[in-house]
Amino acid sequence: MNKWKWYQYNKNELEKIKQSEHKNEILSQKPWLDKIKMNDTNYLEISHAVNGAFTLKGSLVYDQNFHDEREYKIFQFFLTQDKLVTVDLDLSLFKHANIEQMLRKIAKADKPIDGFLFILLELLAEFLIKIDDFEDELRELIWKIHKKNKTSILEDIYKRRHDLLVWSNLLIPLKELIMGIEEACHEILNDNKTYALTAKRIKRALYLIDEYEHEIHSIITLEEVISTHRGNEIMKTLTVMTAIFTPAMAWGAIWGMNFKFMPELEWKYGYFISIIIIALSMIAVYIYLKMKGWTGDLLKGKKKGKFFK
């Protein structure tokens, strides 16, 4: 590096360093080394010395399987004014970055903070590419709802919502880390283009996640409105059908009685007359409901590409 050092290790190598007798300036940070082995989540710790020196240490989850909470990648970092230490940082996960070019930029950096910002900058670029893929999935879901909405789509909607929660869980600690960098070394970040670009990139990523969250919320609200409307239509249909067949049930109850003296039993055309009376009664009820406007279009089938028809 240019007047500073970058140490890259994995947990196994750190154990060997702690057990060796060779002097290494990282060994002076034994509490941090001891914490690495146990730590499996995001954390950030900032300290300032009397002479103005700072220490920024912590860990960051930088890759997550969206289907398995136990499958993720986390790296530890230790940053001072003259060195940067990273543990378990796998650069091969930066699939869309030019690793050689990235390492050259880090090597030319004047300060370790600049080198660390280059790493975060590439990490955010990787995130933004994956967020663009999420945008394509969300757009496909929006049009799927319009073309052919059904209950199974609710599963896709809540999967996308879960993805947004995972993205927020990845970006918020990263935002905190960038704010922590500003807190630790704000005096040397004046006119720092790398820091400004990193801050803008995290702001853009969080903005996208926030906007997609609004879209998902709108989709869920739309589904709730459609479900409520269709449920009301079903209940209205059942109510109308019950009202229409009420005369038939009433007349059937009367003529189903077993009294000894029932004049209708002697009617020659009583069967046909009863059918006519029942039919006319049902038609009369339907006409009454129609005049009141209580039937509407609820008996019409759903048309393709329509939400409420």
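Put +1 on the Cβ of each Lys and Arg and -1 on the Cβ of each Asp and Glu in the chain; which of 235, 169, 38 then has its Cα farthest toward the positive end of the dipole?
235
Give the cross-link partners of residue 159 among the aspartates and glutamates, using a straight C-alpha distance below 16 Å as the criterion and excluding same-chain residues fewer than 8 apart.
Partners within reach: 68, 69, 133, 135, 136, 137, 140, 213, 215, 223.
Which angle between 0 and 90 degrees, to the nearest 10, do you get for helix 99-108 versus the longest principal axis of the chain when only C-alpha atoms count?
Once rounded, one gets 40 degrees.
Assuming R0 = 30 Å, can you tell me the calculated FRET efficiency for the pair residue 137 and residue 34, based on Cβ-Cβ distance, to the nearest 0.05?
In this case the efficiency is close to 0.10.
Divide by every residue of the chain the summed helix terms, -39500 (n - 2.57) for each DSSP H run of at least 4, and state the resulting mean residue ellipticity at 222 nm, rounded to the nearest 500 deg cm²/dmol.
-21000 deg cm²/dmol
Show me the trypsin sites (Lys or Arg not before Pro) within segment 266-296 that DSSP assigns to loop and that have at most 13 other Cβ atoms within 10 Å of their Cβ.
268
Under 11 Å from the Cβ of residue 72, count the other residues' Cβ atoms, weight Lys and Arg +1, Asp and Glu -1, and hand me the total.
-3
Using θ = phi - 60° and the Karplus relation 6.51 cos²θ - 1.76 cosθ + 1.60, list the HN-Hα couplings for segment 76-92 in order, rounded to whole Hz, with x at every Gly or Pro.
The phi angles translate into 9, 9, 9, 10, 10, 6, 10, 8, 10, 10, 10, 10, 6, 8, 9, 5, 5 Hz.
To the nearest 10 degrees, how steeply does helix 193-255 sit against the main Cα axis of the chain, on a 0 to 90 scale?
Taking Cα atoms only, the helix is inclined about 10 degrees.
Could you derive backbone 3J(HN,Hα) for segment 129-143 from the dihedral phi with the Karplus parameters 6.51, -1.76 and 1.60 (θ = phi - 60°), listing whole Hz in sequence and x where the residue is Gly or Pro?
5, 5, 5, 4, 5, 5, 4, 4, 5, 5, 5, 4, 5, 4, 6
Multiply the residue gap between residue 267 and residue 280 by 0.36 nm, knock off their C-alpha separation, and tell me the result in nm, one decimal place.
Here the segment from residue 267 to residue 280 would lengthen by 2.8 nm.
Please compare each pair in 105/130; 111/200; 148/292; 144/292; 35/200 to a cut-off of 29 Å on the Cα-Cα distance and tell me which ones are over it.
Table pairs above 29 Å Cα-Cα are 148/292; 144/292; 35/200.
Which trypsin sites (Lys or Arg not before Pro) in segment 85-169 pass both tests, a DSSP loop state and at most 11 other beta-carbon atoms within 10 Å?
Qualifying residues, ordered by number: 95, 148, 150.
For the Cα atoms of the chain, what angle does the longest principal axis make with the long axis of helix 152-184, in degrees from 0 to 90, nearest 10?
That helix lies at roughly 30 degrees to the long axis.
So how much slack lies between residue 175 and residue 245, counting 0.36 nm per residue of separation and subtracting their Cα-Cα distance, in nm?
18.7 nm
Using a basic spin-label model with each label point 7 Å from the Cα along Cα→Cβ, how many nm lie between residue 8 and residue 228?
If labels sit at residue 8 and residue 228, their model points lie 5.5 nm apart.
Mind sorting out which of [x] 1.01; [y] 1.09; [z] 1.38 is the real Rg/Rh (Cα atoms, Kirkwood Rh) computed from the coordinates?
Computed from the coordinates, Rg/Rh (Cα atoms, Kirkwood Rh) corresponds to [z].
So, in Å, what gap is there between the alpha-carbon centers of segment 211-282 and segment 63-117?
69 Å
Every number here is computed from the coordinates shown, using simple stated rules; none is lab data. What you see is a predicted model; the values in this text were computed from it and never measured. Heads up, the Cβs are rebuilt from the backbone with ideal geometry, glycines too, and the neighbour counts pull from every protein chain shown.
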